[in-house]
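Every read-out reported here was derived from the displayed coordinates using simple, explicitly stated rules and does not represent laboratory data. Since this is a predicted model, take the numbers as computed values, not measurements. Cβ placement follows ideal geometry from the backbone for every residue including glycine, while neighbour counts extend to all protein chains displayed.
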Amino acid sequence: MKELLLDNISDNFVFDKNENFFINNFDGEKDIKITLNEDVESSLSMLSLSGFKGNINIKINKNSRLEIYYADFAKNLSKTNVSVSLEEGAKVIFHLASLTEDNSNKSFTVSVDHDAINTYSLIDNYGVVKGNGKLVFDGTSYIKNGSAKSKTRQSAKIMVFDEKSIGIAKPVLKIDENDIEASHGAVVGKISDEHLFYLMSRGLSEEKAKTLITYGYLKPIMNGFDENVQKTIEQLIEGRM
Amino acid sequence: MSTLVIKDLCAEVEGKPILKGVNLTLSKGETVALLGPNGHGKSTLLNVLMGHPKYKVTKGEVLLDGKNILEMSTDERSKLGLFLGMQNPSEVPGVINSDFLRAAINEHSEKPVSTYQFYKLLDSATKEVKMPFDLATRGLNEGFSGGEKKRNEILQLLLLNPEIAFLDEIDSGLDVDALQIVADVICKLEDKGMGFLVISHYARLYDLIKPTRAVVMINGRIAVDAGPEVAQRIDKQGYEWIKTELGIEVAKEEKDMNTVSIGSCAVKESIK
């Protein structure tokens, strides 16, 4: 995995060959533009620790595929707008895991424009909100007229920890074409009492049980990172719980 | 020797009383069969003993060696030596079975077990319950069959080695071979002196684990506390004799739905 510095990303960063990128400290205020040339398969993994604010515009050209892993463990604010446009045969898969703590306010908007036929998008957002925190997942998958045989799924899941925690999930579909597949799902809820009871009945304290459940919930994001970064994420989850 | 004493225990769920004054004593080294018709409070009793948040204790006390466990959290009760083998163990997505088992073992040990020690323990326990080792590396009960979930409960029983174990229909969902495996483990632990309170609707499990006593729960109370032969009698005769011999009216399981429903049954009901 090739490490990039956020500061070094130019106004229009071009992925022209199959390569996997990792941005540590995906933090600060910035707008980014990324283009995938034709027939390129890449991944982009980002770890945010203090918070990112800005727009990420991604254009994926013909028959290219981009998989994004966005791990957000920022302490305070994150306000990220991702817009993706897909050319013929292009695919985007977007994974997000956000741990939103007390007094922090975060929003992630992930929208995909299906501009041509045979395109694919999967948006898979997971979040945990604690204390007074607020987390919003939204975004629109737009399958335009003429984009037949396209598929999209928008999924948003938020686990709220406390009475005051706010989780909002608004996955939207906009469809102007027949012969497509589209689905969306949203879940906002607290940790199941049954799950907690089960773990606690084996001697785990409430804290420990919650940590284990949260860890399990956010863990799928790990797949996008190298082992040493996985360790960092593991420690972040344990430390923040 | 650990003794569990339940005194006049009353508990309700969502405002509805279920346990109405349970008195029962159980010592380490005993295996007590807990019988009774559906809906009379058997599972509620086991869940209350373990501190399930859904149930509210309204009266009474439960002492384990003189300590009132009702004031303790569920994890404290576990650390004190109580264990509940669940009727429907939860599937907890994302939580890896072995991570969970290791965390549980650590809570019960003075110092954390090493990775090597843990795998040795896990390896021998999975062999004993004849559970494929890869089940230990999957999500906790995630996608497990009914029988695999029950074996996973018995695996945890083996690893945590409690003083007294409550088993809630541990035999449901098990085929004949699996039932034998589970019964063998229980018998081995009985020999080591573990205490058991076991709910089952089938005499087959009781035949294998040989209870020392049988108690029958009727209307939220222990109505019969007698020798193990009671389990055989109930298997053959049902619960009718309790009414005729002991003069206890056995309340029918309450149904929320109206007995008159659509179709032919409703026609018959209305003709009557």
Can you list, bin by bin at 5 Å, the percent of alpha carbon pairs in chain B, starting at 0?
1, 5, 12, 15, 17, 16, 13, 9, 5, 3, 2, 1, 0, 0, 0
Over all directions, how big on average is the projection of the convex hull of the alpha-carbon atoms in the protein assembly as shown, in square nanometres?
30.2
Would you work out the charge dipole size for the range A:6-161 about its Cα centre, treating the Cβ of every Lys and Arg as +1 and the Cβ of every Asp and Glu as -1, and quote it to the nearest 20 debye?
520
Can you give the extra length, in nm with one decimal, that the chain gains between A:Lys53 and A:Lys75 once fully stretched, where that is 0.36 nm per residue apart less the Cα-Cα distance?
6.6 nm
Would you calculate the volume per residue, in Å³, of the smallest convex hull containing every Cα atom of the range A:1-99?
77
Whole-Å semi-axes of the ellipsoid equivalent to the range B:13-52 (Cα gyration tensor, √5λ, descending)
20, 12, 9
In degrees, nearest 10, range 0 to 90: what is the angle between the Cα axis of helix B:176-191 and the longest Cα principal axis of chain B?
70
Per residue and in Å³, how big is the convex hull formed by the alpha-carbon atoms of the range A:2-191?
90
Please report the Cα spread of the range B:45-98 along all three principal axes, rounded to whole Å, starting with the longest.
38, 21, 16
For the range B:92-176, the percent of all C-alpha pairs falling in each 5 Å bin, from 0 up to the bin holding the max distance, is 3, 14, 26, 26, 20, 9, 2, 0
Quick check: residue separation of B:Lys59 and B:Glu240 times 0.36 nm, minus the Cα distance between them. What number comes out in nm?
62.2 nm
The range A:103-203: which GluC sites (Glu not before Pro) are DSSP loop and have at most 15 other beta-carbon atoms within 10 angstrom?
A:Glu163
Give, in nm to one decimal, the length gained when the segment between A:Glu163 and A:Glu238 is fully stretched (0.36 nm per residue of separation minus the Cα-Cα distance).
24.8 nm
Considering only Cα-Cα distances, which of the following residue pairs are longer than 23 Å: A:Lys134/A:Lys157; A:Lys2/A:Lys59; A:Lys134/A:Lys170; B:Lys111/B:Lys150?
B:Lys111/B:Lys150
Within chain B, which is the longest segment that contains none of the GluC sites (Glu not before Pro) sitting in a DSSP loop with at most 13 other Cβ atoms within 10 Å?
B:111-248
Calculate the spin-label point distance for B:Glu14 paired with A:Val187, positioning each point 7 Å from the Cα along the beta-carbon direction, and give it in nanometres.
2.2
At what distance in nm do the modelled label points of A:Val172 and A:Glu41 sit from each other, each positioned 7 Å from its Cα along Cα→Cβ?
3.4
Roughly what angle does helix A:206-218 make with the longest principal axis of chain A, taking Cα atoms, 0 to 90 degrees, to the nearest 10?
10
CD proxy, 222 nm, chain B: helix-only mean residue ellipticity via -39,500 (n - 2.57) per DSSP H run with n ≥ 4, per residue, nearest 500, stands at -11000 deg cm²/dmol
Defining a contact as two alpha carbons under 8 Å apart and six or more residues distant in sequence, what relative contact order in percent does chain B show?
26
If I model the range A:109-241 as equal point scatterers sitting on the Cα atoms and use the Debye formula, what is log10 I(q)/I(0) at q = 0.12, 0.15, 0.21, 0.22 Å⁻¹?
-0.60, -0.82, -1.15, -1.20
